[in-house]
Each structure stands twice: as structure tokens, then as C-alpha cells.
Amino acid sequence: MDFLDLNRLLLIAPGFIAGIVLHEVAHGYVADRLGDPTARLEGRLTLNPIPHIDPVGLIFLLVAKVGWAKPVPVNPYNFRGNIKQGLLLVALAGPATNLLVALASAMIWAVLGAPSTLLGDILQWTIHINVVLAFLNLIPVPPLDGSKILAGILPGRQSWLYSLEQYGILLLIVLFVTGAAWDFINFFYHPTISALFRLVDIIVGA
């Protein structure tokens, strides 16, 4: 994709920014509800994108059309109750929110009659982007949410999984270079997108 394709960037940016901001806010909100005020005290429970911007992630968005936000700080030792379950819930909140954003965008697009307008194109991109974000983050490799979800589901402390964190970025690069990461994402992406667009067709045809 051409770096100077500003039209494509303008179509992608709203859905991507909404997706990563709401993803991080969801992590912080669930952590706050569980007793950890760290994200709230650091001003991260806000829909203002600026506190969530990671400079490197922003550069990658402009250059490669993919990027990331600054992770919300979470201190699980502040959680009330079981720390392992708390981390599981906090981790699930991000991908679940991306799926909700995709569903809400599909519903809005459908209610509008699925128009082929600028708004319609933005909503379609928002659907696709947030489904990808959801399943990208479910890859069970640190520091992605999937590793924390896996650690929360498996019995025991799963300290070996957390010990992989220092190699996480390298592992992700390998997974993307080999195509394994995209195989994982696409396994869930295609049926999810098909279901959302069938829902749009049903609403528009009602």
C-alpha cells in the first residue's frame, strides 16, 4: 500500500483509533472494577486518544498501516479476590471490546441501509479492523492478551508462559514472517466477518 495513500489512511484511522483506545480503556476499566485504580489514577480511563498514543505504534500506523497503543498499566496485586482470574478478565476485556465495536459498526451501517458512502466505507473498515485486532490480540504469545487468557485458563501458575515475555516480540515476528500468525487470525476472522455481514443483510432486508 502506498505510504502517500492518504484517502485509504483516512478510511482506516477512525476504526483503528477507536479500536485501540477502547481496547485499552476496557482493560483499565475492568481492572479498576476489580480493585486496581492504576489506570484511572494515570488518566488512562479516557476516550481521548492522546494519553493512549505510543509514538512508535503511531509511526508504524503511518508507514505500514498497522500500529498499536500504549498498554494500560495494571497492578494485579490490587485486585480483590483471585489474581489469576482477575488477570483473565482484564485480558478478555480488550478483544471482547473490539468485537463489540465491530458489531456496533455493523449494526449502524445496516440501520443506515448499508450505504456506499464515505461513512459507509469507514464503518466497513471499522468492522474489518476491529475483528483483526480482536483475534490478533488472542494469539497466545506474550505480551498479547491471548497469553494471559491461556495462563488464566490452564491449571497452575503457568510461570513458564510469563517467562516468555522477554522473547515475545521476537516470537511474534517469527509468527508473522512464517504466516502462522495470519493463519491463526484468519481461522477466526473469516467466519466472524461472514456472520457480521449476514447480520447486515438481514437487517437491511427486513
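The values are calculated or read from the model by the stated rules, or taken from the named source; none is laboratory data. Since the structure is predicted, the reported quantities are computational estimates derived from the model, not experimental observations. Every residue, glycine among them, receives a Cβ derived from its backbone with ideal geometry; neighbour counts consider all protein chains shown. Please note that ligands, DNA and RNA were not included when accessible areas were found on the heavy atoms of the full protein model with its side chains. Shrake-Rupley method; radii C 1.70, N 1.55, O 1.52, S 1.80 Å.
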Quiz item: Ignoring ligands, DNA and RNA, what percent of the accessible area of region 71-135 is carbon or sulfur (1.4 Å)?
Solution: 69
Quiz prompt | Accessible-area value, residue 121, 1.4 Å probe, nucleic acids and ligands omitted, Å² | solution = 60
Practice problem: Compute the acute angle (0 to 90°) between the alpha-carbon long axis of helix 83-111 and the principal axis of greatest extent of the alpha-carbon atoms of the chain; round to the nearest 10°. | Solution: 10
Exercise. Quick one: which residues, 5+ away or cross-chain, put their amide H under 5 Å from the amide H of residue 53? H built at 1.01 Å from N.
Key: 70
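Once every DSSP H run of n ≥ 4 in the chain is given -39500 (n - 2.57) and the sum is divided by its residues, what mean residue ellipticity at 222 nm do you get, rounded to the nearest 500 deg cm²/dmol?
Values: 9 runs with 142 residues, N = 206.
So the helix-based figure for the chain works out to -23000 deg cm²/dmol.
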Practice problem: Quick one: check the C-alpha center-to-center distance for region 181-206 versus region 1-61, whole angstrom. | Solution: 24
Quiz item: Excluding ligands, DNA and RNA, what is the solvent-accessible area per residue of region 53-196 at a probe of 1.4 Å, expressed in Å²?
Solution: 54
Quiz prompt | Mean Cα-pair separation over length for the chain, i.e. relative contact order, pairs under 8 Å, 6 or more apart, % | solution = 21
Self-check item: Residue among 106, 199, 152 farthest towards the positive dipole end of the chain, charges placed on Cβ
Solution: 152
Practice problem: Working from Cα positions, state the angle (0 to 90°, nearest 10) between the long axis of helix 168-178 and the longest principal axis of the chain. | Solution: 40
Exercise. Using the Karplus curve 6.51 cos²θ - 1.76 cosθ + 1.60 with θ = phi - 60°, work out ³J(HN,Hα) for each residue of region 38-46 in order, rounded to whole Hz, and write x for Gly and Pro.
Key: 3, 4, 5, 5, 8, x, 9, 8, 9
